[in-house]
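Visitor: My questions all concern the structure below.
The values are calculated or read from the model by the stated rules, or taken from the named source; none is laboratory data. Nothing here was measured: the structure is a model prediction, and the numbers come from that model. Quick reminder, even Gly has a Cβ in these numbers, built from the backbone with ideal geometry, and neighbours come from all protein chains shown.
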């Protein structure tokens, strides 16, 4: 049975997750306009540098879509957890499913970071049971690169995974 402490932890964790996803997906123009209102500590410097960060629209759209689906599923499972009419077995299944979703998401983020570090490529990874879908932003669509990415991802798992790699320009 889930106790109050676990329920509070789960609620706060999902709130933090939703806020962090919101912050990450927030348009950069909004961040720039709010920063203009704050006083600049380096006003004496005349050199202004402007940093532009671009990422593939497809990768961003896939991340947002995936995050929305995950949040919706977690909210539905949390409703099962908080419903007093739900059996203990169903609550345990819902809790295990939430834990699995969070584990998959952290693994996806870790793998995306690993691809970024090893191959210097932006990517989107979706894990679904034993299937892993990888979408990579790259001009080079070589089978050697795809094979190296698959080997890198497979090295993180003990059991065999079905890994697909798609390239996005």
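Visitor: So, of the residues in region 129-159 that are part of a strand (DSSP E or B) and out of contact with any helix residue (DSSP H, G or I) (no Cβ under 8 Å at 6 or more places or on another chain), which turns out to be surrounded by the most Cβ atoms within 10 Å (Cβ to Cβ)? Don't jump to the end; show me each part of the working.
Guide: Here is the first cut: in region 129-159, the ones part of a strand (DSSP E or B) are 131-137.
Okay, now just the ones that are also out of contact with any helix residue (DSSP H, G or I) (no Cβ under 8 Å at 6 or more places or on another chain), so 131, 133.
Numbers: 131: 11, 133: 15.
My answer is 133.
Visitor: Follow-up. Can you name every residue in region 112-128 that is under 16 Å from the mean Cα position of the chain (by Cα) and either in contact (Cβ under 8 Å) with a residue 60 or more places away in the chain or assigned to a helix (DSSP H, G or I) (or both)?
Guide: 112, 113, 114, 115, 116, 122, 123, 124, 126
Visitor: Between a first residue in region 3-15 that is more than 14 Å from residue 91 (Cβ to Cβ) and a second residue that is surrounded by 10 or more Cβ atoms within 10 Å (Cβ to Cβ) and modelled with pLDDT of 85 or more, which pairs have beta carbons less than 7 Å apart while being 6 or more apart in sequence or on different chains?
Guide: 14/74; 14/78
Visitor: Within region 160-169, which residues are within 23 Å of residue 105 (Cβ to Cβ) and loosely packed, with under 14 Cβ neighbours inside 10 Å?
Guide: Scanning region 160-169 gives 160, 162, 164, 166.
Visitor: Sticking with this one: Among the residues of region 77-104, write down those that are under 30 Å from residue 136 (Cβ atoms), in contact with a helix residue (DSSP H, G or I) (Cβ under 7 Å, 6 or more places away or on another chain) and free of Cβ contacts under 8 Å to residues at least 40 places away in the same chain. Can you show your working first?
Guide: As a first pass, look at region 77-104 and keep what is under 30 Å from residue 136 (Cβ atoms): 97-104.
If we keep only those that are in contact with a helix residue (DSSP H, G or I) (Cβ under 7 Å, 6 or more places away or on another chain) as well, we get 97-98, 101.
Selection gives 97, 101.
Visitor: Separate question: Any residue at all in region 124-138 that is touching a strand residue (DSSP E or B) at 6+ places or on another chain (Cβ under 7 Å) and under 30 Å from residue 2 (Cα atoms)?
Guide: yes
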